[in-house]
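Each reported figure results from applying straightforward, stated rules to the coordinates on display, with no laboratory input. In this text, all values refer to a predicted model and were calculated from it rather than measured experimentally. Don't worry about glycine lacking a Cβ; one is built from the backbone with ideal geometry, like all the others, and counts go over all protein chains shown.
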Amino acid sequence: MSPYSLSLKSMKHRMGSVMITVVSLALGVALLLGVERIRNEARYGFTNTISETDLIVGARSGSVSLLLTSIFHIGNVTDNVSWETYQKIERNPQVAWTIPLSLGDSHKGYTVLGTTNAYFEHYKYAQKRALVMAEGKEFADTYDAVLGAEVAEELGYTIGQQIVLAHGSGELSFVEHSENPFTVVGILKRTGTPIDQTVHVPLEGIEAIHLDFNNAEGHLHHAGCNHSSHQKEVSSLDAFDALLAGDEEVDLTPTEITAFLVGMKSRPDAVMLQRAINTHDAEALTAVLPGVALTELWQVVGVVEKILFVVSVLVLFVSLASMFGALMMSIKERRREIAILRSVGARPRHIVSLVLGEAMLVTLAAIALGASLFYLALFALRPLIQQRVGMWIEITPPTSTEWAMLGIIFCAGVLIALLPAWRCYRSSLSDGLTIKL
Amino acid sequence: MTGEIAVELNKVRFAWEQDIVLEIDRFEVRRGEKLFVGGPSGSGKSSLLSLLSGVTVPAEGSVNLLGQNLSSMSNVQRDVFRADHIGYIFQMYNLLPYLSVLENVTLPLRFSKKRNARVTDAKAEGLRLLRHLGLEELTERRVIDLSVGQQQRVAAARALIGGPEIVLADEPTSALDETNSRAFVDLLFQECENTGATLIFVSHDSSLAERFDRSYLLGGEEA
């Protein structure tokens, strides 16, 4: 005597209304899972954008804005760090390595980052993972370029492709450095960080195109770009002369960079160096600990994710309420069924387990369907999410938090059925075998 | 077995919201007896059935079934007792629409170990009863495709499966025409005789009464 097989058959008989309940609950489950996954992936992607770097140093600004410009390539650079100061810090005996970063140009909407091969050697993301070349190699020449995975994929570039950098950021740049094309020499493996959307070129390359640009086209200023080269016009008459003379030995050492990353020989020294840089008198600089700045930034961005979470909890609440309504409605329809079952010897607890069993089955089915919908949507939308948000969501089994959520949904479903079950129990006692309709 | 008392009510008073709806000084049914219970509506027929099926207990007096006092049992014990010893037939709509005809017939075996133990193969026994009642072609049919007369016969098969000692029928022929109603009573008698079950048949249709061993009129005297 299994009340569950009875429950199943009874539900099958009321297929239409049961299906509506299951589907509406499943949509709530899928939405909650989706929001939770995106929330976590966003946070994970966020905090894993940079790892093993002890300090980010840039011109004086807020720690969040320095993080945004240097690591996430969001927003315009307002001020720079002088090459001398950079070199001074690089020579500090406690410093293990540095990575210079120079921003301001773009290629078809993708950020162009001027740096050195130290970048490929020392930049780490997602718990000490190093950058890996999918194809090709690092910079060997001034006009070499290494592409992020997405840049190569989206634009269909391969090794040997000639690319032209545009001045300023954005997809619609009118001024191109067309006389100095770069050659793609390497393509990085996907990282799930902004690196995937970045074109990397040597610092000297950046310097070279701006030198040419200034000399060829004169005094032009462009929004979104404040490469030091533009401010060099008066002071670099020597370089100008050298160019006119056709001298190939132009000094391509930059005078300024946007920011740089520092790795310490001993991590605890980072705080001391940070204090020293922040109180450095000669140049107004800001040094931030990436972890602290990431947390600070996440607190700002996190509000949105919290709102999303609340909304999806509300959606789930509404679907649970609709299940409650459906169960209450079905009790009225089922009074005859209950009287018949009582007449053949079913006890009130059988009747209760029939209602609770139905709630359990409906909730379980909704959880299973919701989870399938979620994975299906994830699978289908993942390329789109990656394209729009730059976030590659791995398809992994539910996390412990997600399992806990599903468990809570299941308990809520059963809990909600307690009242209808109790009503059934009561009416099975008061109605007895007489069928009151 | 005849001669033994199957059902016995003593000085029973049953009240519903303070109005006394049933007052029986003495009521006895012997084992294997076929008793007709008649009376106008409001004479307490459904109250008597609730008492006999153990759904309710009287305010005063005792209800003894098969030598056991129902009043001294707990709710659960009465439910188990009903499952084990009583077959019940409603006026109409006896069947669960989501079960097949055969599943409806074998339903009591799910809830009673005793009745299940008396049957070696639930399916075979269900089929045997259905064959007896002339329903062998309908066993896998959907319940809603059956006529009212057929449904009542299925209900009779269900009440009889596993050999309960007492069969209670609550106006089982009121939805049937005269021919069907007579045929149904015939079948019910035959099956009750086969298993030796005691039949208590409640109906307002006194034209059926003469065919029973005895009849009892509520709100009147024993005839």
Cα-centred dipole magnitude for the protein assembly as shown, charges only on beta-carbon of K, R (+1) and D, E (-1), debye, nearest 20: 4500 debye
Percent of C-alpha pairs per 5 Å bin, chain B, short to long: 1, 7, 15, 19, 20, 17, 12, 6, 2, 0
Rg to Rh, two decimals, where the protein assembly as shown supplies the alpha carbon set and Rh follows Kirkwood: 1.34
Gyration tensor (alpha-carbon) shape descriptor, region B:174-223, a/c threshold 1.5: oblate
Cα long-axis angle, helix B:75-85 against chain B (0 to 90 degrees, to the nearest 10): 50 degrees
Inter-label distance, nm, simple model (7 Å from Cα along the C-beta direction), A:ARG60/A:GLN162: 4.6 nm
With eigenvalues of the C-alpha gyration tensor scaled by 5 and rooted, region A:70-169, Å: 24, 18, 13
Likely footprinting exposure, A:MET360, A:MET133, A:MET323, fewest C-beta neighbours within 10 Å first: A:MET133, A:MET360, A:MET323
Tilt relative to chain B, helix B:122-132 - C-alpha long axis, 0 to 90 degrees, to 10: 90 degrees
Alpha-carbon gyration tensor eigenvalues x 5, square-rooted, for region A:84-130, Å: 23, 17, 7
Label-point gap, in nm, between B:SER207 and A:TYR44 - each point 7 angstrom along Cα→Cβ: 8.0 nm
Translational diffusion coefficient (Stokes-Einstein; Kirkwood radius from C-alpha pairs) of region A:1-145 at 4 °C, 1.567 mPa s, in µm²/s: 64 µm²/s
Relative contact order of region B:76-223, defined on C-alpha pairs under 8 angstrom at six or more residues apart (%): 29 percent
In region B:1-78, the GluC sites (Glu not before Pro) that fall in loop regions by DSSP, at most 16 other Cβ within 10 Å: B:GLU17
Debye-sum result for region B:17-143 in log10 I(q)/I(0), which assumes one identical scatterer on each alpha carbon, at q = 0.11, 0.16, 0.19 Å⁻¹: -0.51, -0.99, -1.21
Distance between region B:1-69 and region B:128-161 - C-alpha centres, whole angstrom: 29 Å
Trypsin sites (Lys or Arg not before Pro) within region A:24-116: DSSP coil, no more than 12 neighbouring Cβ in 10 Å: A:ARG91
Calculated SAXS-style log₁₀ I(q)/I(0) at q = 0.14, 0.26 Å⁻¹ - region A:1-84, Debye, Cα scatterers: -0.71, -1.20
Sorted by Cβ neighbour density within 10 Å, fewest at the top, the residues A:ARG275, B:ARG182, A:ARG347: A:ARG275, B:ARG182, A:ARG347
When each of A:LYS12/A:LYS306; A:LYS124/A:LYS306; A:LYS12/B:LYS113; B:LYS45/B:LYS114 is checked by Cα-Cα distance, pairs over 31 Å: A:LYS12/A:LYS306
Charge-dipole axis of region B:60-186 as Lys and Arg at +1 and Asp and Glu at -1 on Cβ define it, positive-most pick from B:ASN64, B:LEU102, B:GLN77: B:GLN77
